[in-house]
Amino acid sequence: MTVWEIAGEALVLLGLVVLTIGVLGMLRMPDVYGQAHAASKGGVVGLVLLLAATLTLGDWAMTARAVLIGAVLLVTMPVASHVVLRAAAARGEPMADPDTVDE
């Protein structure tokens, strides 16, 4: 195994761990605002790590496609999160009270 293969596998593994933590954050957060924050941050960071893993493959056509897909997702994921949270705020969705949230 070369250093590039090990680095690629490490980046994929780290990206999957970050995405999993984002999912667990969605389950743990008490309100829609925290859940959207966990989903968008975990998704963006996990995506960047997975994109970095494609750089280690050496196939530049696949890397170019992955970068284009990633660029679209990096723009749309935060915007979609913002739109969902604006809709929740417009609907009057309350934020969780820190005093009543379980530790």
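Here are a few things to note about the model shown:
- The listed residue being under 13 Å from the mean Cα position of the chain (by Cα), in contact (Cβ under 8 Å) with a residue 24 or more places away in the chain and open to solvent by 60 Å² or more (accessible area, probe 1.4 Å), out of Val75, Val48: Val48
- Apart from one condition, Gly42 fits all of (1) small (Gly, Ala, Ser); (2) outside any loop (DSSP other than H, G, I, E, B); (3) farther than 29 Å from Ala96 by Cβ; the exception is (3).
- Taking the criterion of being in contact with a helix residue (DSSP H, G or I) (Cβ under 8 Å, 6 or more places away or on another chain) and at pLDDT below 90, the residues of region 80-101 that qualify are Glu93, Met95, Ala96.
- Val45 being farther than 30 Å from Met1 by Cβ and touching a helix residue (DSSP H, G or I) at 6+ places or on another chain (Cβ under 8 Å): no
The values are calculated or read from the model by the stated rules, or taken from the named source; none is laboratory data. Quantities reported herein were computed from a predicted structural model and do not represent experimental measurements. Reconstructed Cβ throughout: ideal geometry from the backbone, glycine too, with neighbour counts over all protein chains shown. Just the protein is used for accessible areas: all its heavy atoms, side chains included, with ligands, DNA and RNA removed. Shrake-Rupley method; radii C 1.70, N 1.55, O 1.52, S 1.80 Å.
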